Amino acid sequence: MMERERRGRHARKNGIIHLSVKLERSVSAYVAAATAAGVGLLALPSLAEAKVIYTPAKVQLLPSHRFPLDLNHDKEVDFTLVDTHGSYFFTAWGFLTAYPNRPANAIWGYGVGRGGFLRYASALPAGFKLGPKKGFSPGQKVMAHSTFAGGRPQSSTCYGPWKNATNRYLGFRFKIGTETHYGWARLNVSCNDTVVTGTLTGYAYETVPNKPIITGKTKGADAVSEQPGLGHLARGAASP
């Protein structure tokens with residue numbers, strides 16, 4: 001009994017505190033766990049890195065014009081919005097089209113032609129989650145197009161998901177280097193006889209690779225997974 005009490009107490013010798021074997025092992029385990037946690041925390045993306053970058057805009061998309069869209073401002077064009085107009089004898093037409101600028105980039109919309117030959121870009125509502133789903137497909141996407149026939153009687157028609165749309169969103173998947181990111185662009189579109197016009201009012205992208213983004217979200221850091229706290233690690237280290 002006296003031996004156990006002697007070994008169980010802290011003994012002071014030459015100014016050094018000697019711990020019991022069990023307590024010493026617990027402290028060592030705690031230090032190791034805390035060190036590992038510190039390394040893990042350093043390896044995580046910071047809250048400042050995990051966020052949506054939003055760019056307000058007021059860009060008029062008029063016939064025979066194009067706008068290069070650089071979502072992350074790295075001087076590399078990711079998508080191009082093109083407004084075209086043409087005529088032939090008594091017929092005229094207009095198109096508003098979104099083009100990916102890299103083969104790996106894609107737009108949310110129809111992967112197979114509709115209306116006989118056109119692949120349309122979806123006019124997404126606010127609050128729509130864009131991520132690794134099947135809605136993205138490569139290639140250009142028509143937003144809206146109009147036709148005018150000048151015979152008797154005259155006729156004009158506007159087609160497409162973006163026909164006279166207000167505050168709708170293009171969904172984007174694009175590459176920054178070799179990593180995949182998601183973004184959106186907000187536009188208003190109108191059709192008038194042979195002319196399709198649009199206004200780009202803002203665009204955004206998620207800074208974390210492969211992380212979904214919500215259309216219309218313009219600010220606020222996203223959540224970052226946390227490592228267990230040191231108090232939890234201490235309790236674990238002290239367990240028998």
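Cα extents for region 52-214 along the principal axes, largest to smallest and rounded to whole angstrom: 56, 31, 27. This ranking places Cys191, Cys158 by how few other beta-carbon atoms lie within 10 Å of each, fewest first, which gives Cys158, Cys191. Taking other C-beta atoms within 10 angstrom as a stand-in for reagent exposure, Leu124, Leu187 fall in the order Leu124, Leu187, fewest first.
Lysine pairs in region 52-214 whose alpha-carbon atoms fall under 19 angstrom of each other, counting only those eight or more residues apart or on distinct chains, come to 11.
Each peptide in 57-65, 136-144 receives the mean, over its residues, of other Cβ atoms within 10 Å, and ordering these scores from highest gives 136-144, 57-65.
None of the figures in this text is laboratory data; all of them are computed from the coordinates on show. Owing to the predicted nature of the structure, the values given are computational and were not obtained by experimental measurement. Cβ atoms come from the backbone with ideal geometry, glycine included; neighbour counts cover every protein chain shown.
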